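First up is the structure itself, then whatever we jot down about it.
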Amino acid sequence: MTRRLTLLLLLAAATVVLQQQLLLRRAPRLLGVEPQPLQSGRAAVDLSFSRSMHRNNLAAESSLDPALPHRWLGQGNRLRLILEGMTPIDAPIALTLAGRDQRMQPMTPQKRWWDPRPWLLVTRQVEGGEQLQLQDRQGQWHPLSPVWTSLQSLVPLGNGSGVAMVSSNGKGKETIWRKRLTPRNLALSQQQLGVPVQGVVEPLSKGDLLFGHISSNINGDLLVQTGGLKPGSESLELLLANGERQMLKLPSSGPMQLLPAGGGLVVPGYNGISIQPLKDNGKPPQVLPGSRELGAFCATSGRAVLIRHWPDYRRSIELVIPGLAPRQLHLGEQAVLAVSCSGSGDRIWAVLGIWQGRRSQHELVQFNSEGTVLQRRNLAPWSLSPGTGMEHNPVGNDLLMTLTQPDLKGGRAALIEADTLRLRKVMDESIKEARWLPAG
């Protein structure tokens with residue numbers, strides 16, 4: 001009996017050793033490729049392998065078509081490919097992935113198609129009201145929502161998985177909605193790339209609202225801030241990308257904004273703005289006193305651009321760098337109508353309202369992080385549509401704005417080169433607002 005048990009144990013041990021040897025000699029495999037929410041570079045994908053890979057060898061044997069500046073990060077069996085440089089990307093990228101693991105076993109080359117370009121979203125003025133629409137690469141428009149009396153605001157989710165909207169019935173009552181989308185920007189073949197697959201439009205609020213404010217981060221979390229008709233009916237709810245929901249209790253004097261990387265939010269107050277964690281960590285919040293408002297996040301660096309209102313009616317633009325006091329980039333009597341920044345925060349754009357004679361004109365100005373003016377352009381005969389903003393697209397290295405003219409009905413989506421401030425394209429369709437939807 002003892003000999004039989006010993007023999008069985010030896011056979012089991014030998015089987016384990018044999019399996020280990022077979023696995024060690026087996027070629028490494030690519031398990032998955034997923035887009036990485038933008039935290040560095042222009043765009044990025046995360047790759048997972050069955051084995052710890054030799055990163056330098058993988059970088060040497062893999063290729064991109066077209067050839068674009070890039071770098072590899074990470075170690076082990078999870079690596080990240082980050083696109084760099086400033087050349088606009090105007091077509092899908094073919095990724096040929098090849099290389100060896102730490103034991104120098106070669107991987108069978110794999111090919112994936114990747115389109116990191118964002119999608120253009122607009123609020124279109126159609127018969128019966130307004131509708132959210134998406135433009136595909138061929139210029140065709142795809143409805144994403146029903147036709148509502150008015151579409152007050154829209155917020156693309158930071159991971160490209162949907163869009164949140166606030167509609168109005170025209171009688172002072174609002175409703176918050178979410179349109180779910182499934183990105184198709186990574187595929188085995190170029191033909192499989194395409195516009196996101198549409199899901200349902202679901203209401204996120206109940207009853208009649210006096211106001212609804214929404215905010216998202218790069219993880220796809222959604223902050224829903226509402227106020228009803230009755231006193232004390234205000235609520236603040238966080239809808240996480242994994243489906244969990246959390247009710248928050250934070251006092252505020254205005255709309256809150258989620259931090260891009262998650263974990264906290266910007267809370268306006270009567271004496272300034274503060275950055276507060278979503279979960280109490282026992283530490284006092286970071287407070288910036290004065291009449292300030294958040295202008296834009298520089299998502300990959302943790303920086304932000306603020307607009308400050310002074311008692312003598314001047315306006316200043318400030319760059320906030322973590323751990324440092326706000327850095328003033330501009331101070332003047334011009335109205336600051338919109339601001340945006342590159343992901344690293346080394347370039348900042350602002351639309352200023354200037355008076356020439358009896359007419360107000362809008363000027364687009366580019367600053368560096370020290371406040372030096374790099375470029376400026378008078379937008380005449382165009383001007384920024386009231387209540388709209390400006391967004392920088394790092395993939396195409398351009399600015400998206402909603403422009404208008406006095407004799408035009410509605411606005412027009414416009415693309416402006418981020419470096420030269422040259423007006424690249426103005427679309428024909430009459431719209432209310434244009435936004436970028438991340439590719440996912």
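The values are calculated or read from the model by the stated rules, or taken from the named source; none is laboratory data. Source: prediction; values computed, not measured. With ideal geometry, Cβ positions are generated from the backbone for all residues, glycine too; neighbour counts draw on all protein chains shown. For the accessible areas, the whole protein counts, side chains as well, though only heavy atoms, and no ligand, DNA or RNA atoms are used. Shrake-Rupley method; radii C 1.70, N 1.55, O 1.52, S 1.80 Å.
Couple of notes before you dig in:
- Total residues in segment 256-308, condition among the polar types (S, T, N, Q) and modelled with pLDDT under 85: 5
- Residue selected from segment 263-296 under the condition touching a residue at least 40 places away in the same chain (Cβ under 8 Å) and within 22 Å of Asp346 (Cα to Cα), by the criterion least open to solvent (accessible area, probe 1.4 Å): Ala296
- Filter result (over 24 Å from the mean Cα position of the chain (by Cα) and of a type in the set (Asp, Glu)) within segment 270-324: Asp280, Asp312
- Checking each residue in segment 41-62 for being part of a strand (DSSP E or B), of a type outside the set (D, E, K, R) and within 17 Å of Leu186 (Cβ to Cβ) picks out Ala43, Ala44, Val45, Leu47, Ser48, Phe49.
- Within segment 99-131, tally of residues that are in contact with an Asp or Glu (Cβ under 7 Å, 6 or more places away or on another chain), among the polar types (S, T, N, Q) and in a loop (DSSP other than H, G, I, E, B): 0
- Inter-residue pairs, beta-carbon under 6 Å, first at positive phi and in segment 340-354, second outside any loop (DSSP other than H, G, I, E, B) and open to solvent by 10 Å² or more (accessible area, probe 1.4 Å), 6+ apart: Gly345/Arg303
- Val339 under 23 Å from Thr372 (Cβ atoms) and part of a strand (DSSP E or B): yes
- Some residue of segment 355-364 being at pLDDT 95 or above, under 24 Å from the mean Cα position of the chain (by Cα) and outside any loop (DSSP other than H, G, I, E, B): yes
- When Gly410, Gly371, Gly353, Gly389 are checked against the criterion of being more than 24 Å from Trp310 (Cα to Cα), touching a strand residue (DSSP E or B) at 6+ places or on another chain (Cβ under 6 Å) and not hydrophobic (A, V, I, L, M, F, W, C), a single residue qualifies: Gly410.
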